[in-house]
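Structure first, commentary second.
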Amino acid sequence: MVKTPIYFDHAATTPLCEEAFDKMKPYFTENFGNANSQHCFGREAVKAVDEARDTIASIINCKPGELYFTSGGTESDNWALRGIASAHKDKGKHIIISPIEHAAMITTAKELAKDGFEIEFMKVDEEGFVDLEHLKSIIRDDTILVACMMANNEVGTIEPIKEIAEIAHSKNAVMFTDAVQAAGVLKIDVKALGVDLMSMSSHKIYGPKGVGALYIRTGLKIDSIITGGHQERTKRGGTTNVPGVVGFAKAFEIAARDMDKNFEYVSSLRDRFINKVLAEVPFVKLNGPRKEGRLPANADFSFRYIEGESILFSLDLAGIAVSSGSACSSGSLEPSHVLLALGLPEGLAHGSIRFSFGKRNTAEEIDYAVEVLKQAVDRLRKMSPLFKVEGETKNV
Ligand SMILES: *Cc1c(COP(=O)(O)O)cnc(C)c1O
């Protein structure tokens, strides 16, 4: 028997790795200094923060001075969007973003629209890939920012960031990418990609929660959103979360060191799961890329005739933790904005479940989950009035 509960929700958060935890511990207790203080306690903290900055900068190929620590992906996304909008509004008020961004971006863009910015969405195809020709057709001389995530948190699509950055720069617009799901999983070289700003978060890569970073290219004009003391070269006020930053860097270092091994292992679990589900569960649709260009951890399915939430509860009862739609919209009855942008009809956009695997999962857990899923789907469909009316139609 496999041990439950089984965690298949790594795109929502990951457990803190032991090495990161060990490295953090002294910074809660004996090395508790404020990195702004002018004494030995402060210097100890500064040393730790500098070391962490160097580690992450070398992994993504930027200068340490181009990396700013934040409270996480949401703050980094807010900073990029609001900070660029505010600093570049003299050039224009046109902002282009992808329609499948995280809520941290979509919600912030809606706020900017209230302040008179014109938000336009790129098009994505049915697998979630950005339509580059469409982007070329909508970018303008007064476009100040093009924002597209490196990899999608719900359906796992990996976007052509280098090509998007080239299009952005053809009109002198700033290129921002939310790399929260990609950092530590894919090789990232910010210079080779040509991005001007990039968000990262620690807790998606086995680091602690509540810490992240924003890469800001040297020379880029950006306003602050959190003002206060002189922290982060006076660009982001607030006492530095020293243990958090230390744990983030350690987790990033381990993720980079084990990247190839983890990629191969986690994608083998994903493929085992996808192949079994497609073979054994009827009326199911795999959302996102079918072949290339999918995050190794991600499998997202829509189950016809059933609500995603009902499947989630059944799996939870059997000790399997997954997510319905995007984590941020769970609990609400809104269909997923990501699936709607991929062109799914509302019924299917409601019936979706995301499984996101991690390096500690096993093939036994995958096989158990497929069995539980098969039974849950079968039982729920027997209770679904829609299935009785339309049932036994062709697969989707
Ligand atoms: C989780 C996530 C965020 C938010 O990061 P937090 O550190 O949880 O605030 C932003 N973007 C994407 C793509 C994410 O998956």
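The values are calculated or read from the model by the stated rules, or taken from the named source; none is laboratory data. Note that this is a predicted model, so its numbers are computed, not measured. Note that we place each Cβ from the backbone using ideal geometry, even for glycine, and neighbour counts take in every protein chain shown. Side chains are part of the model used for accessible areas, which takes the heavy atoms of the whole protein and leaves out ligands, DNA and RNA. Shrake-Rupley method; radii C 1.70, N 1.55, O 1.52, S 1.80 Å.
Looking at ALA113, ALA104, ALA109 in this structure, which one is assigned to a helix (DSSP H, G or I), surrounded by 15 or more Cβ atoms within 10 Å (Cβ to Cβ), in contact with a strand residue (DSSP E or B) (Cβ under 6 Å, 6 or more places away or on another chain) and of a type outside the set (Val, Ile, Thr)? Break it down into steps so the answer makes sense when it comes.
On the way: ALA113 fails: surrounded by 15 or more Cβ atoms within 10 Å (Cβ to Cβ); ALA104 fails: in contact with a strand residue (DSSP E or B) (Cβ under 6 Å, 6 or more places away or on another chain).
One residue alone meets the criteria, ALA109.
With respect to the numbered conditions (1) without any contact (Cβ under 8 Å) to a residue 60 or more places away in the chain; (2) under 23 Å from LYS221 (Cβ atoms), which one is the sole condition not fulfilled by GLU163?
(2)
Just one of the numbered conditions (1) more than 19 Å from THR157 (Cβ to Cβ); (2) of a type in the set (Ser, Thr, Tyr); (3) in contact with a helix residue (DSSP H, G or I) (Cβ under 6 Å, 6 or more places away or on another chain) is not true of SER324; which one?
Every condition holds for SER324 apart from (1).
Which residue out of ALA48, ALA52, ALA57 is away from the ligand (no atom under 16 Å from the Cβ), hydrophobic (A, V, I, L, M, F, W, C) and free of Cβ contacts under 8 Å to residues at least 24 places away in the same chain?
The conditions single out ALA57.
Here is a check on your reading of the model: is SER71 of a type in the set (Ser, Thr, Tyr), at pLDDT 95 or above and within 19 Å of ASP223 (Cβ to Cβ)?
yes
Please specify each residue of region 63-100 satisfying the condition of being polar (S, T, N, Q), within 16 Å of the ligand (Cβ to nearest atom) and either part of a strand (DSSP E or B) or surrounded by fewer than 23 Cβ atoms within 10 Å (Cβ to Cβ) (or both).
Matches in region 63-100: THR70, SER71, THR74, ASN78.
Consider ASP300 carefully, then state whether it is free of Cβ contacts under 8 Å to residues at least 24 places away in the same chain and either acidic (Asp, Glu) or surrounded by fewer than 16 Cβ atoms within 10 Å (Cβ to Cβ) (or both).
no
Collect the residues in region 253-295 that are part of a loop (DSSP other than H, G, I, E, B) and open to solvent by less than 30 Å² (accessible area, probe 1.4 Å), keeping them in residue-number order.
Within region 253-295, ASP258, VAL281, PHE283, GLY288, PRO289, GLY293, LEU295 qualify.
Which one of these does ILE144 not meet: (1) touching a residue at least 40 places away in the same chain (Cβ under 8 Å); (2) among the β-branched types (Val, Ile, Thr); (3) under 18 Å from ASN298 (Cβ atoms)?
Exception for ILE144: condition (3).
Of all residues in region 86-101, which are touching a strand residue (DSSP E or B) at 6+ places or on another chain (Cβ under 9 Å) and among the hydroxyl-bearing types (Ser, Thr, Tyr)?
SER98
May I ask you to list the residues in region 16-33 that are in contact with a helix residue (DSSP H, G or I) (Cβ under 6 Å, 6 or more places away or on another chain) and among the polar types (S, T, N, Q)?
Within region 16-33, just ASN31 meets the criteria.
Quick one: LYS204 ticks every box in (1) surrounded by fewer than 24 Cβ atoms within 10 Å (Cβ to Cβ); (2) out of contact with any Leu (no Cβ under 9 Å at 6 or more places or on another chain) bar one, so which box is it?
Looking at each condition in turn, LYS204 falls short on (1).
Inspect all residues belonging to region 46-58 and state whether any of them is surrounded by 18 or more Cβ atoms within 10 Å (Cβ to Cβ) and not in a helix (DSSP H, G or I).
There is no residue in region 46-58 that is surrounded by 18 or more Cβ atoms within 10 Å (Cβ to Cβ) and not in a helix (DSSP H, G or I).
Restricted to region 1-18, and to residues that are out of contact with any strand residue (DSSP E or B) (no Cβ under 8 Å at 6 or more places or on another chain) and open to solvent by less than 20 Å² (accessible area, probe 1.4 Å), which residue is nearest to THR362 (Cα to Cα)?
THR14
Filter region 122-179 for residues that are among the aromatic types (Phe, Trp, Tyr) and away from the ligand (no atom under 15 Å from the Cβ) and give the result.
Matches in region 122-179: PHE129 only.
Going through region 185-201 one residue at a time, which ones are within 16 Å of the ligand (Cβ to nearest atom) and either more than 20 Å from MET259 (Cα to Cα) or open to solvent by less than 10 Å² (accessible area, probe 1.4 Å) (or both)?
Correct list: VAL195, LEU197, MET198, SER199, MET200, SER201.
For region 219-241, enumerate the residues that are farther than 29 Å from GLY33 by Cα and of a type outside the set (Gly, Ala, Ser).
Hits for region 219-241 are LEU220, LYS221, ILE222.
Against the definition (hydrophobic (A, V, I, L, M, F, W, C) and assigned to a helix (DSSP H, G or I)), how does ALA35 come out, yes or no? If you could, list the steps in order and put the result at the bottom.
On the way: hydrophobic (A, V, I, L, M, F, W, C): yes; assigned to a helix (DSSP H, G or I): no.
Criteria not met by ALA35.
To keep it simple, each residue is scored yes or no on (1) open to solvent by 20 Å² or more (accessible area, probe 1.4 Å); (2) of a type in the set (Val, Ile, Thr); (3) outside any loop (DSSP other than H, G, I, E, B).
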position	(1), (2), (3)
LYS209	yes, no, no
ALA213	no, no, yes
LYS221	yes, no, no
ILE225	yes, yes, no
GLY229	yes, no, no
LYS235	yes, no, no
GLY238	yes, no, no
GLY244	no, no, yes
